[in-house]
Amino acid sequence: MYDVIVVGGGHAGCEAALASCKIGMKTLLVTGNLNMTASLPCNPSIGGPAKGILVREIDALGGYQGKNADKCQIQIKMLNNSKGPAVRALRAQADKVLYPIEMRKYMEKQPNLELLEAYVDKLEIVEDKVCGIFLLDGRKISSKTVILTTGTYLNSRILRGHITHESGPDNQKTTKGISLQLKELGFDVQRLKTGTPARIKKDSIDYSLSTIEPGDSYKWKFSFDEGYNQIENVSIDCHLIYTNQEIHDLIRANLEKSAMYGGVVEGIGPRYCPSIEDKVVRFSDKERHQIFIEPESLYIDEVYIQGFSTSMPEDVQDKMLRKLPGFKDCVVARYAYAIEYDAINPLQLWPSLETKLVKNLFCAGQINGTSGYEEAAGQGLIAGINACALLQNKEPLILRRDEGYLGVLIDDLVTKGAKEPYRLLTSRAEYRLLLRHDNADLRLREYGYKYNMINDEQYHSLIEKKLNISSTIESFKVMKVKCNASNNEYLSSIPSSALAESIPYYDLIKRPEINHENIYQLLKMNNELEKFEQIKNFTEILMQVEIEIKYAGYINKATSQANKMKSMDEKTIPDDIDYKQVMNIALEAREKLNKIRPKTIGQASRISGVNPADIAVLLVYIEGLRR
């Protein structure tokens, strides 16, 4: 008998299993091919806009994705570094070969965790409660909880043109039993689609016709912890090219041959990661589209053609590729394809990611209608923590929208649903200035400690960091930048206006053109760095201090707005409420509230079709019940 069984060894499954065993539960991870553990079947990268912040949050809570990405990255850069702190995020090119190898090695060393290479046929359910799983060979394995992290392997099929065949990504076996059972149990199973571009032999490309996109020289890291250093000390360039009208005309002339436009595709594809034919149709006014040539691994001779996914037949793909700049003589290692798979409607989940129809059954990752390794890993982490919390009779970990992108992600899923593959974007987070790359540990690490995901040493490092930030800010209120020739000469080189009198560092850093690097240089010039020698990772502390001081007004405003919503999220709704008895609310609101069964007034207020007037009536009704 296991405490937790995790079905699926992708990014969600790995985080779920690692969380469960770390908390001390006897855990089994079942997956069809252990060599594909945490594989990167599509883009060989971790992070990106919003997603990079999510990876930091996973690390802050005690997850492993960021640590493995740090070890296996072959390029890393801070996106939007010239913009405000709310939209900055890390993106790393991960080595496609190394990443799953290192993840599996790490998992095999964990106490309380067993790995089993097998396929699951269906769940064992008794009186609406999951009790274990049945394997394809007929074996039954019992468990107190089960977490489904089946990714894109659930009743999946590959599509190229009008040719289709049943398969998961990278020619792996698909499974149908779980999908059929979920339908029988009353789950709203929906069909979704995603895709991946061709892989090209890297030495067959003429890079002189492209623009080099190098990584950053600064050694950024996803993880807040020490000891997860880059295995291969390299930084491999990406390259930028563009499509052209010749390619667009070729696509238009062959649209009916595309699986998507030829009537073969049943599933709904991702709006924010469309195929190249979808871009050409939807954005017909655009003369060109960006295409990135990205390294996949140091160990294989292939590159990834980011932005050029397609479901065209191979002969059309071949013509399309050879019209790209530098691709005239390209050698195709694998052609692009689209993939369809089954997912459930996430409205059938509680915010804990436990299903509403079957007790002790959790779902995480693309089965919940999301796209992306990062969204999957984040859900897997929360599902793993909450499966353990359920067994320990503890309150589940449910993050608010002002506490993390993880909170935004899960709240969006269980409140609004996902009719197409969901992707995290900074625009989805109304409190994004609070949910920054730099402060993920300050926001979430205490939750990790509370749920036994973070050890005492990590927690004490967090407390030390908080003290160092506050003490540096206080020091900058007192310490002054002297009005002298050398300081003014340096300021003019930035350029920034000269000082008419000595001013505190606190005031100087408020200038838009002044950043933490300038402050560091001034401290060094004025022999004041020694005052901060005892501070660990002072450069990173200085980055944090700059943001806290420079954006204090905006941060305080966002915090005030978040506190108002927090009070709404603290007002719980009785589990047994009968919305038919709530008079004077709109019919649509009644139907949505009854279907979604929100846990709090805050969640209810975010449901499409539930208006402020409905919330006011609901508040009065609940208050009456409590009297």
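Results, tabulated for the structure shown:
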read-out: Count of the stretch 598-621 residues which are within 36 Å of the chain's Cα centre (by Cα), surrounded by fewer than 17 Cβ atoms within 10 Å (Cβ to Cβ) and farther than 21 Å from N563 by Cβ; value: 4
read-out: Residue among E457, E446, E501, E464 that is open to solvent by 60 Å² or more (accessible area, probe 1.4 Å), touching a residue at least 60 places away in the same chain (Cβ under 8 Å) and not basic (K, R); value: E464
read-out: Scan of the stretch 383-407 for residues that are in a helix (DSSP H, G or I) and either in contact (Cβ under 8 Å) with a residue 60 or more places away in the chain or farther than 16 Å from A17 by Cβ (or both), ordered by number; value: A383, G384, I385, A387, C388, A389, L390, L391, Y405, L406, G407
read-out: Of all residues making up the stretch 383-423, the number that are among the basic types (K, R) and either within 21 Å of T27 (Cβ to Cβ) or in contact with a Phe, Trp or Tyr (Cβ under 7 Å, 6 or more places away or on another chain) (or both); value: 3
read-out: Test for E266: is it in contact with a strand residue (DSSP E or B) (Cβ under 6 Å, 6 or more places away or on another chain), acidic (D, E) and surrounded by fewer than 19 Cβ atoms within 10 Å (Cβ to Cβ); value: yes
read-out: Cβ-Cβ under 6 Å pairs, at least 6 apart or on other chains, the stretch 10-29 side under 16 Å from Y447 (Cβ atoms), far side open to solvent by 10 Å² or more (accessible area, probe 1.4 Å); value: I23/N452
read-out: Selected residue [under 30 Å from Y242 (Cβ atoms) and surrounded by fewer than 21 Cβ atoms within 10 Å (Cβ to Cβ)] from D412, D329; value: D329
read-out: Residues of the stretch 423-440 satisfying the condition of being out of contact with any Pro (no Cβ under 8 Å at 6 or more places or on another chain) and open to solvent by 10 Å² or more (accessible area, probe 1.4 Å); value: S427, R428, E430, Y431, R432, L434, N439
read-out: Subset of the stretch 106-154 [closer than 30 Å to P313 by Cβ and open to solvent by less than 40 Å² (accessible area, probe 1.4 Å)]; value: T150, G151, T152, L154
read-out: In the stretch 165-180, the residues that are open to solvent by 30 Å² or more (accessible area, probe 1.4 Å), without any contact (Cβ under 8 Å) to a residue 60 or more places away in the chain and not in a loop (DSSP other than H, G, I, E, B); value: H165, E166, N171, L180
read-out: Within the stretch 119-156, considering residues that are on the phi > 0 side of the Ramachandran plot and touching a residue at least 40 places away in the same chain (Cβ under 8 Å), the one nearest to the chain's Cα centre (by Cα); value: G151
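The values are calculated or read from the model by the stated rules, or taken from the named source; none is laboratory data. Everything numeric here is computed off the predicted structure, so don't read it as measured data. Cβ: placed from backbone, ideal geometry, glycine included. Neighbour counts: every protein chain shown. When the accessible area is computed, the model is the full protein with side chains, heavy atoms only, and any ligands, DNA or RNA have been set aside. Shrake-Rupley method; radii C 1.70, N 1.55, O 1.52, S 1.80 Å.
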